[in-house]
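Worksheet: the structure to be examined is printed underneath.
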Amino acid sequence: MKAAITATAKYLPESILSNHDLEQILDTSDEWIRTRTGIRERRILKDPEKATSHLCSEVARRIIEKRGISAEEIDLIIVATMTPDMIFPSTACLVQKNVAASNAWAFDLSGACSGFLYALNTGAQFIAAGTHDKVLVIGGEKMSAVMDYTDRNTCVLFGDGAAGVLLEPAQDEHHGLLDAKLHADGRGSEHLYMQGGGSRHPASKETVENRMHFLHQDGKQVFKSAVTQMADIAEEIMKRNNLSSDDVTYLIPHQANLRIIQATAERMGIDMQKVAVNIDRYGNTSAATIPICIAELDEDGKLSSGNNLVLVSFGAGYTWGGIYVRWQ
Ligand code: UT7
């Protein structure tokens, strides 16, 4: 049985951090950030009392309302995140409590920027097995919590946000998630990481002083791998499914850098008109970028039955992958 996306929703915190705001606190410029990344502004969850579970719970509530179901009907909640409220319990359990999804089990999935694609494919397996009817898959991040706002190499790139989808059995074999190819290469772990707070480097005076509770990235190194792997996986998904560039309705890529997105579209031979881009408004929201794009297309009434969507991502791990969805 195939799994189809039957509802979508997004939730972005209201507070905007623009490139001009960053110019006030860092040696950077709006021009540098725009031309190197495509980002103009990002959203920040300012309330210190609120974290990723808040963003994800809003998404869950909106999906439940849009689909017109009760929370008790949800069988499983998967939250893809690298900024959970706490190491444990899972953020998914907090969402389960907040929306009173009393019959759902719940877990977090750690796939960094590819987390949503990992989670989407995982959720689809439970539908395919015939054991679950309603699986909520959410990507959510409070990236501002792990940003070093004195490090211009990283803090200009990321923003906060969440979005998700409801998976249900598809009406037939020709709709829903039709293909997925996911990858990992742990050798990339040395280029994009947050060392502090885990069992290797538990929180201490030293970990704080050494700024180990912030995200670190070797941008150039990650860029090289991302540009190759995103384009390769997009091409692979097209070949495996006999999709020509005309067949693809939308490319929905992870939003890390506009130049990576453009290179992927170019390799696929598709026009940028057919590419979901919102990095200018939200920056890189890690596991949330792809579902935010899907939710926006859906809200704008741009998705109709039979549309071919190619979803591709690349992120820490390294993790990367592609999913082919025929919209139901
Ligand atoms: O989502 C997970 C996966 N992540 C990615 O896919 C991100 C991949 N990497 C990238 O998108 C890019 O590498 C960056 C946007 C992070 C950086 O762009 P770049 O074109 O690779 O720049 P660079 O790292 O080569 O830096 C060029 C210069 C450096 O100055 P020097 O050493 O040449 O004098 C940096 O210090 O730009 C400088 N720089 C900045 N200048 C102004 C770095 N950050 C900034 C900044 N403002 N914010």
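The values are calculated or read from the model by the stated rules, or taken from the named source; none is laboratory data. Given the structure is predicted, the values throughout are model-derived calculations rather than measurements. Here the Cβ is made from the backbone with ideal geometry for all residues, glycine too, and neighbour counts use every protein chain on show. Note: accessible area is taken over every heavy atom of the protein model, side chains too, but ligands, DNA and RNA are not part of it. Shrake-Rupley method; radii C 1.70, N 1.55, O 1.52, S 1.80 Å.
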Check Asp148 against each of (1) in contact with a Lys or Arg (Cβ under 7 Å, 6 or more places away or on another chain); (2) closer than 24 Å to Ile33 by Cα; (3) surrounded by 19 or more Cβ atoms within 10 Å (Cβ to Cβ) and name the one condition it does not meet. (3)
Across the range 291-317, which residue is farthest from Val165 (Cα to Cα) among those that are within 14 Å of the ligand (Cβ to nearest atom) and in contact with a Ser or Thr (Cβ under 6 Å, 6 or more places away or on another chain)? Gly315
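Those residues that are of a type in the set (Phe, Trp, Tyr) and either surrounded by 21 or more Cβ atoms within 10 Å (Cβ to Cβ) or not assigned by TED's automatic domain parsing to the domain that holds Arg61 (or both), I need them from the range 78-130; list them, please.
The answer is Phe116, Tyr118.
Here is a yes/no grid of residues against (1) farther than 25 Å from Ala288 by Cα; (2) among the hydrophobic types (A, V, I, L, M, F, W, C); (3) open to solvent by less than 20 Å² (accessible area, probe 1.4 Å):
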{"site": "Arg187", "(1), (2), (3)": "no, no, no"}
{"site": "Ser204", "(1), (2), (3)": "yes, no, no"}
{"site": "Asn210", "(1), (2), (3)": "yes, no, no"}
{"site": "Ser225", "(1), (2), (3)": "no, no, no"}
{"site": "Thr228", "(1), (2), (3)": "no, no, no"}
{"site": "Ala234", "(1), (2), (3)": "no, yes, yes"}
{"site": "Arg240", "(1), (2), (3)": "yes, no, no"}
{"site": "Gln255", "(1), (2), (3)": "no, no, yes"}
{"site": "Ile261", "(1), (2), (3)": "no, yes, yes"}
Lys10 - would you say it is more than 14 Å from the ligand (Cβ to nearest atom), within 30 Å of Val222 (Cα to Cα) and in a strand (DSSP E or B)? yes
Report every pair of residues separated by at least 6 positions or lying on different chains whose Cβ atoms are under 8 Å apart, first residue within the range 53-71 and among the hydroxyl-bearing types (Ser, Thr, Tyr), second open to solvent by less than 70 Å² (accessible area, probe 1.4 Å) and assigned to a helix (DSSP H, G or I). Ser53/Thr91; Ser53/Leu94; Ser53/Val95; Ser53/Asn98; Ser57/Leu94; Ser57/Val95; Ser57/Asn98; Ser70/Ile64
From the option list Lys274, Lys239, single residue qualifying as free of Cβ contacts under 8 Å to residues at least 12 places away in the same chain and of a type in the set (D, E, K, R) is Lys239
Being in contact with a Gly (Cβ under 8 Å, 6 or more places away or on another chain) and among the small types (Gly, Ala, Ser) is the requirement here; does Ala71 meet it? no
If you scan the range 205-221, which residues turn out to be part of a helix (DSSP H, G or I) and touching a residue at least 60 places away in the same chain (Cβ under 8 Å)? Gly219
If I filter the range 19-35 for residues that are within 19 Å of the chain's Cα centre (by Cα) and under 27 Å from Leu117 (Cβ atoms), do I get at least one hit? no
Note down all Cβ pairs under 8 Å where the first residue falls in the range 249-262 and is more than 17 Å from Ala287 (Cα to Cα), the second is in a helix (DSSP H, G or I) and more than 10 Å from the ligand (Cβ to nearest atom), and they're at least six residues apart or on different chains. Thr249/Lys274; Tyr250/Lys274; Tyr250/Leu297; Gln262/Met272
Residue that is farthest from Lys134 (Cα to Cα), among those in the range 152-183 that are among the aliphatic types (A, V, I, L, M) and open to solvent by less than 10 Å² (accessible area, probe 1.4 Å): Val156
Within 16 Å of the ligand (Cβ to nearest atom), buried (at least 19 other Cβ atoms within 10 Å of the Cβ) and either part of a loop (DSSP other than H, G, I, E, B) or in the same structural domain as His132 (by TED's automatic domain parsing) (or both), is that true of Leu45? no
Condition (residue is surrounded by fewer than 22 Cβ atoms within 10 Å (Cβ to Cβ), touching a Gly at 6+ places or on another chain (Cβ under 8 Å), outside the structural domain of Gly139 (by TED's automatic domain parsing) and in contact (Cβ under 8 Å) with a residue 24 or more places away in the chain) applied to the range 293-314: is it met by at least one residue? no
